[in-house]
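Report on the structure given below.
The values are calculated or read from the model by the stated rules, or taken from the named source; none is laboratory data. This structure is a prediction, so every number in the text was calculated from the model and none was measured. All Cβ positions, glycine included, derive from the backbone under ideal geometry; neighbour counts span all protein chains shown.
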Amino acid sequence: MGCVSVKVACAVGVRLKNSFGECEMQETNYWDEFEYSKLKLLLNKEKVSSILDVRNGVKKMDERFPISVELHLTDNCNLNCEWCTDKELRQNRAVLNLKVIKKLFREFWHHGTGVTLEGGGEPALHPDFMEVVDAGMNAGIDMGLITNGTVDISGCIDKLKWVRVSLDSSTCEEYKKEKGVDCFERVLTNLEKMCKARKVEETFIGVGYVLTTRNQSSLMELVKRLENIGVDYIYLRPVEEAGDITPSLESLLDLRKKLAELTADTRIKYMLAISDRVVDKNAGLPCIAHSLTSVIHANGEVALCEKRRTDGIILGNVYENSFEDIWISPFRERISQKLLRPECQSGCSACRVTGFNMIFEQLEKVHSKHFI
Ligand SMILES: C[S@@+](CC[C@H](N)C(=O)[O-])C[C@H]1O[C@@H](n2cnc3c(N)ncnc32)[C@H](O)[C@@H]1O
Ligand code: SF4
Ligand code: SF4
């Protein structure tokens, strides 16, 4: 792990110590792509300066397109995860129209915006899924995919930058309990097909793992199995909004130690996200970083974000307007100003944007900018 990365992680560590009486550990086979994820801001310096201009009152909104958007292809799903945070959205049963998707891709290409294909429901169940991926590739879009892995998508693996398969269990029995359907082995077979079909190193293939109090009986064996299949990483995080089955902080830190030992010499890497997922109310900060990303629902609604639990904000609908018109609108300008008031984020829960807001806040406090 590089020196810069250690410094960033230490800064997060201090915050963890304050909040939980525990300090972040540094391990050898931690997934660097995640470790460096906040440093990606350095690669997007115009975006950063546009966001800081809003913070400093130089302008009223960051009009630059998001760095990436989450595109919900469909609300339909073939599984029934007990804790799925998109349960409500799935009631819509909406499917995003291919023509609209192609139009969005043209806009996103123009602004260098990356696209994560995900739910609502299960993106690979979109009736034109392969065409969607082809359209993204032809438009020159960088695409990632979050999928439950029940559909064999190995045929398009090389067209994606990364794929994350949500496995969320270590045995068939756990899978049935967590996800309501019996297809653990089918998902592992599909993962194997993806790993075999790709040109290695061109597409990152990972496994997503939502941790509950009841799905870790064979986790270490699973990690070994994933290593043999050729999976690059496993990304674990505690279940959100499911209090009674949420693992304790102690058990998460203990799991982290075990994973560090197990993966010391393996190719597969791990990431156990704790800090990003436990902070509520956006840590009492203004939300200036919301414009790093945005969400497009399968019914065409452009949502500001996903984790405002008390007053979700819909910016417009791509069936009615272009993304650009929605993004650079007087309404979004008003929202942008509203989010400068920390108290407006009182209903925000476990939001990954909070980590970026914390970084911007720290930057604002730097006293010796012209010294290194
Ligand atoms: C809503 S799903 C949509 C994509 C696809 N159906 C899937 O499951 O991968 C997107 C991601 O959200 C995660 N997720 C859903 N509910 C969650 C919860 N309560 N806590 C943490 N992650 C959750 C899923 O595990 C999945 O990785
Ligand atoms: S597979 Fe994805 S969308 Fe479907 S229920 Fe599970 S988490 Fe929700
Ligand atoms: S949930 Fe709150 S903190 Fe997260 S992006 Fe939305 S407004 Fe910002």
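Summary table
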read-out	value
Selection status of Gly57, surrounded by 15 or more Cβ atoms within 10 Å (Cβ to Cβ) and more than 16 Å from ligand 3 (Cβ to nearest atom)	no
Condition met for Leu73 (more than 22 Å from Gln362 (Cα to Cα) and either away from ligand 3 (no atom under 16 Å from the Cβ) or at pLDDT below 95 (or both))	yes
One residue from Gly347, Gly355 being in contact with a strand residue (DSSP E or B) (Cβ under 7 Å, 6 or more places away or on another chain), of a type outside the set (D, E, K, R) and within 12 Å of ligand 3 (Cβ to nearest atom)	Gly347
Count of residues meeting criterion [part of a loop (DSSP other than H, G, I, E, B), among the charged types (D, E, K, R) and more than 9 Å from ligand 1 (Cβ to nearest atom)] in the stretch 83-100	1
Lys365 being more than 19 Å from Cys305 (Cβ to Cβ), more than 16 Å from ligand 1 (Cβ to nearest atom) and either at pLDDT 95 or above or out of contact with any strand residue (DSSP E or B) (no Cβ under 6 Å at 6 or more places or on another chain) (or both)	yes
Pairs where the first residue, in the stretch 351-365, is polar (S, T, N, Q) and the second is part of a helix (DSSP H, G or I) and more than 6 Å from ligand 3 (Cβ to nearest atom), C-beta under 8 Å, 6+ apart	Thr354/Asp276; Thr354/Ala283; Asn357/Ala283; Asn357/Ala289; Gln362/Ala11
Number of positions in the stretch 212-253 that are touching a residue at least 60 places away in the same chain (Cβ under 8 Å), more than 16 Å from ligand 3 (Cβ to nearest atom) and on the phi > 0 side of the Ramachandran plot	0
Only listed residue being touching a helix residue (DSSP H, G or I) at 6+ places or on another chain (Cβ under 6 Å) and farther than 29 Å from Tyr235 by Cα, chosen from Pro286, Pro342	Pro342
